[in-house]
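Asker: The structure is given below, and queries will be raised subsequently.
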Ligand code: AGP
């Protein structure tokens, strides 16, 4: 996810905190100041690059644009370049990027310009049909300079404006968006109308703010909360015309609508977390979007699945006779879930190993082995070294990562990106769900490549995945019920997590979340393994949390629940909505919607994340920065 910001101000405004008059030297230019300050507050949404465009400076010659792509230093570099910007701009837009299409580079950085260089655009989202649109525009003579889907929008608007100059910038934006499939929040400026910003959104967030003689837009509230508390919400496919001190919104058919007002009295810190008490809870609640975005535009109309950067041919995929998954922590648990899906659909044997073990076991690999490295950061040194070792042994390496152009992504033969956006909380939540989603997509892709699943069946399965974001959202609606269960067992000194088949990695993930957040003893076991020793741990009052949703091994799971119950355990079960037969055996139930069982981990893990989160908060721990842990482990 990226961050966008914009401001348009009247000629008479010396904005808050600035003393510059248009064209006057000295002081902080309000438009520039608002853009740079807002980009700093939006950096948590991505910092692969930063850029801004200004229109209307009296001594400028139209539109002034600057971009920088230098990782976490991108905004610093942009700020230095902005020192040479013309003063007194009347409007401007800015962007901080979390790269999804096209590497983090200056030419891929926003704002993107049209061929005339008089219009600039910033965009947050994914344009699904950008390839076909780009082909059309190139055939029309447009020169696209980047690898991004977003730049296509700038040229598409230019093309619509050229085709019908009378329609104006707003009409051209409306006509262009009528051709677009996908998600967007965008803002456009044009040097011919230097006090106008045209904005639009579909799925991606965009808010507008009004002050006395200035109007603002941003991806979130904190970016402009310092300038206004009066916000307005833009709905999907509505188009807004922002002029100094005024907003005009029209529906897709052009009729004027009144945007819903939103008065915000949060303080800034609360606002950065979108009103959530911490980043972890914000990110847990971003999971439906993370799953939906990871699914987006992965399926072409003919049923074939699209991977981001695949330098492995279909023939090479077909020649694969073994899969090896290597990862750490939550990423390892996602890999365990993928083992079931790949073996079930693609009929390929799958080995999985903790990355730090894989490297030193002299693994048996060759050019027919596909090694999948799962790492949200793409920087975990254990996993990075493991895929390097695999490459040396001749294996094909595919990486699942949440960070474009990460070290592992650059090293791999193929990459499938999750699209969870930056994850600030140390505990993996939305990136974990996005990883499982990406791995299930990969399992379907392998099955199609090996023709163990027809494109139609793969489509049907991907269609079934399409409802997962809603099911995750439903599971999240029970957060307060989960909190009550955590409250009931807050004094338990330890917890046992149990699961079978796809429920086993869910149990492991639930135990890891509890350990790393509440610092309590928690261990996950395959439920069938209990009687081979671990059941000795069970005594009166031991809290046992079981994943008991309806899978082919549900009955076996309930047998294991009976075993621990008969030894005095207190049993909490993750169960499907309405499953009273399961609930009868539990002291407490964490309810989740039912799904196709191979997708169940994506939904079933949610209450366990919430349980660990609630317990950690009850114990007064910092859930965003748990003790002893780092977000990315770059040491062996
Ligand atoms: C999970 O909550 C932890 N933050 C940790 O186990 C993490 O999953 C592991 O370090 C792997 O990180 P990666 O996905 O960035 O490689």
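Asker: Kindly evaluate residue 120 against the criterion of being touching a strand residue (DSSP E or B) at 6+ places or on another chain (Cβ under 7 Å), in a loop (DSSP other than H, G, I, E, B) and surrounded by 23 or more Cβ atoms within 10 Å (Cβ to Cβ). Please lay out each step first, then the result.
Answerer: Details: touching a strand residue (DSSP E or B) at 6+ places or on another chain (Cβ under 7 Å): yes; in a loop (DSSP other than H, G, I, E, B): no; surrounded by 23 or more Cβ atoms within 10 Å (Cβ to Cβ): yes.
Considered against the rule, which asks whether it is touching a strand residue (DSSP E or B) at 6+ places or on another chain (Cβ under 7 Å), in a loop (DSSP other than H, G, I, E, B) and surrounded by 23 or more Cβ atoms within 10 Å (Cβ to Cβ), residue 120 comes out as no.
Asker: Out of the residues in the stretch 484-503 that are more than 25 Å from the chain's Cα centre (by Cα) and assigned to a helix (DSSP H, G or I), state the one that is nearest to the ligand (Cβ to nearest atom).
Answerer: Result: 486.
Asker: Return yes when residue 457 is in a helix (DSSP H, G or I) and either within 16 Å of the ligand (Cβ to nearest atom) or at pLDDT 90 or above (or both) and no when it is not. If you could, list the steps in order and put the result at the bottom.
Answerer: Details: in a helix (DSSP H, G or I): yes; either within 16 Å of the ligand (Cβ to nearest atom) or at pLDDT 90 or above (or both): no.
Criteria not met by residue 457.
Asker: Can you pull out the helices (runs of 4 or more DSSP H) entirely within the stretch 317-392 that have at least 2 residues that are near the ligand (Cβ under 10 Å from one of its atoms) and crowded, with 17+ Cβ neighbours inside 10 Å?
Answerer: Where helices (runs of 4 or more DSSP H) fall fully within the stretch 317-392 and carry at least 2 residues being near the ligand (Cβ under 10 Å from one of its atoms) and crowded, with 17+ Cβ neighbours inside 10 Å, they are 329-346, 381-392.
Asker: Still on this structure, I have one more. Can you name the condition, by its number, that residue 410 falls short on among (1) buried (at least 24 other Cβ atoms within 10 Å of the Cβ); (2) free of Cβ contacts under 8 Å to residues at least 24 places away in the same chain?
Answerer: So the condition that residue 410 fails would be (1).
Asker: Among the residues of the stretch 463-472, write down those that are part of a helix (DSSP H, G or I) and surrounded by fewer than 18 Cβ atoms within 10 Å (Cβ to Cβ).
Answerer: 463, 464, 470
Asker: Which residues, counting only those in the stretch 429-448, are over 14 Å from residue 403 (Cα atoms) and either touching a strand residue (DSSP E or B) at 6+ places or on another chain (Cβ under 7 Å) or within 16 Å of the ligand (Cβ to nearest atom) (or both)? Show your work before the answer.
Answerer: Quick first cut of the stretch 429-448, residues over 14 Å from residue 403 (Cα atoms) only: 429, 433, 436-437, 439-448.
Result: 429, 433, 436, 437, 439, 441, 442, 444, 445, 448.
Rundown of residues vs (1) surrounded by 19 or more Cβ atoms within 10 Å (Cβ to Cβ); (2) at pLDDT below 95; (3) assigned to a loop (DSSP other than H, G, I, E, B); (4) touching a strand residue (DSSP E or B) at 6+ places or on another chain (Cβ under 8 Å), yes/no style:
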{"residue": "237", "(1), (2), (3), (4)": "no, yes, yes, yes"}
{"residue": "240", "(1), (2), (3), (4)": "yes, no, no, yes"}
{"residue": "261", "(1), (2), (3), (4)": "no, yes, no, yes"}
{"residue": "269", "(1), (2), (3), (4)": "no, yes, no, no"}
{"residue": "280", "(1), (2), (3), (4)": "yes, no, no, no"}
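Yes/no per residue for (1) in a loop (DSSP other than H, G, I, E, B); (2) in contact (Cβ under 8 Å) with a residue 40 or more places away in the chain; (3) over 30 Å from residue 297 (Cα atoms):
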site: 170; (1), (2), (3): no, yes, no
site: 173; (1), (2), (3): no, yes, no
site: 184; (1), (2), (3): no, yes, no
site: 187; (1), (2), (3): no, yes, no
site: 195; (1), (2), (3): yes, yes, yes
site: 254; (1), (2), (3): yes, yes, no
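Asker: Now, a different point. Output the residue which, of all residues in the stretch 158-185 that are more than 33 Å from the chain's Cα centre (by Cα) and over 15 Å from residue 118 (Cα atoms), is surrounded by the most Cβ atoms within 10 Å (Cβ to Cβ).
Answerer: 167
The values are calculated or read from the model by the stated rules, or taken from the named source; none is laboratory data. Since the structure is predicted, the reported quantities are computational estimates derived from the model, not experimental observations. Reconstructed Cβ throughout: ideal geometry from the backbone, glycine too, with neighbour counts over all protein chains shown.
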